[in-house]
1. Quick one: count up the residues across segment 204-228 that are of a type outside the set (Ser, Thr, Tyr) and under 23 Å from ALA135 (Cα atoms).
2. Are any of the residues in segment 25-48 part of a helix (DSSP H, G or I), hydrophobic (A, V, I, L, M, F, W, C) and touching a residue at least 24 places away in the same chain (Cβ under 8 Å)?
3. Looking for something in contact with a helix residue (DSSP H, G or I) (Cβ under 8 Å, 6 or more places away or on another chain), under 26 Å from GLU71 (Cα atoms) and hydrophobic (A, V, I, L, M, F, W, C) - is there at least one such residue anywhere in segment 151-158?
4. So for segment 131-146 (the condition being over 19 Å from the mean Cα position of the chain (by Cα), in the same structural domain as LYS55 (by TED's automatic domain parsing) and surrounded by 13 or more Cβ atoms within 10 Å (Cβ to Cβ)), does at least one residue qualify?
5. Working only within segment 243-302, note down all residues that are in a helix (DSSP H, G or I), in contact (Cβ under 8 Å) with a residue 24 or more places away in the chain and either loosely packed, with under 11 Cβ neighbours inside 10 Å or not hydrophobic (A, V, I, L, M, F, W, C) (or both).
6. Taking segment 6-22 only, how many residues are in a strand (DSSP E or B), polar (S, T, N, Q) and more than 16 Å from GLY172 (Cβ to Cβ)?
7. Which one of ILE183, ILE204 is β-branched (Val, Ile, Thr) and modelled with pLDDT under 95?
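The values are calculated or read from the model by the stated rules, or taken from the named source; none is laboratory data. Every value quoted in this text rests on a predicted model; they were computed, and no experiment measured them. Using ideal geometry, Cβ is built from the backbone for each residue, glycine included, and neighbour counts are taken over all protein chains shown.
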Amino acid sequence: MKKLVECIPNFSEGRSLEVVKRLVDIVRSGGVELLDYSSDPDHNRTVITYAGDMKDVVETAFKLARQAMAEIDICFHSGVHPRIGALDVLPLVPLGNTTLDDCISAVRKLGKRLGKELQLPVYYYGCAARDASRARLSDLRRGGLEGLKERMLHNPDWRPDEGPEYLHPTAGAAALGVRKPLIAYNVNLLSDDLKAAQRIAAHIRESGGGLHGVDALGVRLAEAGMVQVTVNLRDAGLTSLDMIYDAICAAADEEGIRVDGGELVGMVPLDEVMRIFGRATGLPGIGPERVLEWKLKERVGF
């Protein structure tokens, strides 16, 4: 029986369309389904979402890592998003009957291969973490590449899980993980006040006493001439995108700043869309089975 899995690799390149195209072409030729990809020049980051059978997904991930290492020199990277490597983050998300344990086994085999064949230091995070201090991606990326380098040099507890005990000279390191579905969501603010964006981010994130399952940062978008609150929603069960948007709008209003809308990075589960629709329409129990296209696809393969 096939093991269906989703993979969402993040690369530290969002400005060279040629490099992005070559990465996307690897996915298109990998026997997997390309679901989405997006690049941002201010973040200088590309996120690709694809899914398929575990074997094909993992083999494609290895090829993507090898290509990223050949194309991206992290030493010359600049961007507002924290990063530790060319292939910065690669999580697996179980789909269908695939389990978290299935994904943990697969991601650790991939990590061993990256460490041995490509000499890339690998850290496991999320459900794949071997140490609780590394489970949160934000802890791994604290201080970016420079912060990780210092920890690797001076703290034996921060030796990589796989590969050499030093950063790759051009590719840095990679974080490989297993997690449940995560929603990446950004909200733009019509202001260039970075401190205000950072205060808003601190107000809404869980670690600051804000919304459950929310990580957030305030960043500056130089090309757009504005600032942004960039959000990862780790748990959509108790917090939803509309709750995040409303909280940002309220905090921005207190700062005297107008909001310029949101943007989705990657995919969003249908259940989350239905929860938002249900809350907005007074139909909290509505589900995908009431969506015309969903029912047609389920019944007649439309």
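1. The first filter runs over segment 204-228 and keeps only residues of a type outside the set (Ser, Thr, Tyr), leaving 204-206, 208-228.
Next, only the ones that are under 23 Å from ALA135 (Cα atoms) stay: 204-206, 208-218.
Looking only at that region, the number is 14.
2. To start, the set of residues in segment 25-48 that are part of a helix (DSSP H, G or I) comprises 25-28.
Now narrow it down to the ones that are hydrophobic (A, V, I, L, M, F, W, C): 26-27.
Narrowing the set further to residues that are touching a residue at least 24 places away in the same chain (Cβ under 8 Å) leaves 26-27.
Checked segment 25-48: at least one residue is part of a helix (DSSP H, G or I), hydrophobic (A, V, I, L, M, F, W, C) and touching a residue at least 24 places away in the same chain (Cβ under 8 Å).
3. Looking for residues that are in contact with a helix residue (DSSP H, G or I) (Cβ under 8 Å, 6 or more places away or on another chain), under 26 Å from GLU71 (Cα atoms) and hydrophobic (A, V, I, L, M, F, W, C), one finds at least one in segment 151-158, hence yes.
4. Checking segment 131-146: not a single residue is over 19 Å from the mean Cα position of the chain (by Cα), in the same structural domain as LYS55 (by TED's automatic domain parsing) and surrounded by 13 or more Cβ atoms within 10 Å (Cβ to Cβ).
5. Of everything in segment 243-302, those that are in a helix (DSSP H, G or I), in contact (Cβ under 8 Å) with a residue 24 or more places away in the chain and either loosely packed, with under 11 Cβ neighbours inside 10 Å or not hydrophobic (A, V, I, L, M, F, W, C) (or both) turn out to be TYR245, ASP271, GLU272, ARG275, ARG279, ALA280.
6. First, pick out the residues of segment 6-22 that are in a strand (DSSP E or B): 6-7, 10-11.
In the following step, the residues that additionally are polar (S, T, N, Q) were identified as 10.
Narrowing further to those that are more than 16 Å from GLY172 (Cβ to Cβ): none.
Number satisfying all stated conditions: 0.
7. Details: ILE204 fails: modelled with pLDDT under 95.
That would be ILE183, the only listed residue that is β-branched (Val, Ile, Thr) and modelled with pLDDT under 95.
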